[in-house]
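Everything on this sheet refers to the single structure shown next.
Laboratory data are not the source of any read-out in this text; all were calculated from the coordinates shown. Keep in mind that what you see is a predicted model, and the values were worked out from it rather than measured. Positions of Cβ are generated from backbone atoms using ideal geometry, with glycine treated the same way; all protein chains shown enter the neighbour counts.
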Amino acid sequence: MNDITMIGHISRDIMIYKEDEVRLTGGPVIYSSAAAAGSGKNVLVITRASEDADKELDGMRADGVDVIRLESKATTSIENIYFSADKEKRKVTLLSQADPFTTESLPESDSKIYHLAGLFRGEIPDNFIPYLNKKGKVAIDAQGLLRCSENGKLLFKDWNSKKELLPLITYLKTDAAEAEILTGVKDREKAAHILADWGAKEVMVTHNTEVIVLMDDKIYRAPFTPSNLSGRTGRGDTTFAAYLAWRLDHDPEESVRYAAALCSIKMETPGPFSGTIRDVKVRMEKDR
């Protein structure tokens, strides 16, 4: 049995900053699998991409991640133009998109957690949630529920099925803006409580300063402490996957501290997390 099965598209990312341009292969499953595998878990990634993208998956395989590529007419590609030094303000344009997943084409897998790591709405249909809920615990990133593309331009829309499907979700991750879209409430803690009231068992809300998790009406929190933001891209994906990996064997308080420490290390170097559990534990003590 796998510890975590992750489902989502990879992305050929074009990152445009004031000083330069960077091209790399990203996407939630790239950053998420690195964090979970680096935390000692057995990880399976199921993605859809064109045949010419197969070599771009070798980085995950080198990290010990099992990868299944389902055929697609295209591979997702996203252009990100950053306007601020903290990389919080950006313009996102969808240049191409891989085919959506279907339950019929999903390979059989046994897993403790099924992590739906989508980039855009429609990539992973809503019917995956009840389908996978019968097989294991469902974790989902709100990005793939709210993020839409119209003529390539990014916009966010509320999720109409939220009250129907949130009760089937064990782990829900949002950032502060996504939490406000879902609930209409700007305060992160209040928004987390609303999402829990609607049925999500554990609610994570990330912010540029910290990550909070709500479980059983109690808030757990830990700060991000990177010395620089050169590896800011993938912050939310890394944090959520690190939490899921550690949460399999630990309580939410330790798991949120572990996730924040791991992501703080990751944000100091471009690319996915490449450290060790020992590195993270040292950072947890330092940030205590």
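Listed values, structure above:
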read-out	value
Length added when fully stretched, residue 51-residue 155, from 0.36 nm per residue minus Cα-Cα	34.5 nm
Trypsin sites (Lys or Arg not before Pro) restricted to region 1-56 and DSSP loop, no more than 10 other C-beta within 10 Å	18
Estimated FRET transfer efficiency (residue 268, residue 104; beta-carbon r; R0 35 Å; 0.05)	0.25
Pairs beyond 18 Å (Cα-Cα), from 134/173; 89/153; 134/218; 137/201	134/173; 134/218
Pair residue 253, residue 217: separation of 7 Å Cα→Cβ label points (nm)	1.8
Normalised alpha carbon radius of gyration of region 124-242 [divisor 2.2 N^0.38 Å]	1.06
Qualifying chymotrypsin sites (Phe, Trp or Tyr not before Pro) for region 7-87 [loop in DSSP, other Cβ within 10 Å: at most 15]	17, 83
Share, in percent, of DSSP beta bridges within the chain that are antiparallel, nearest 5	45
For residue 67, distant residues with modelled amide H under 5 Å away	45
Relative frequency of Cα-Cα separations exceeding 35 Å in region 2-287, percent	8
Value of relative contact order over the chain, rounded to a whole percent, pairs C-alpha under 8 Å and six or more apart	16
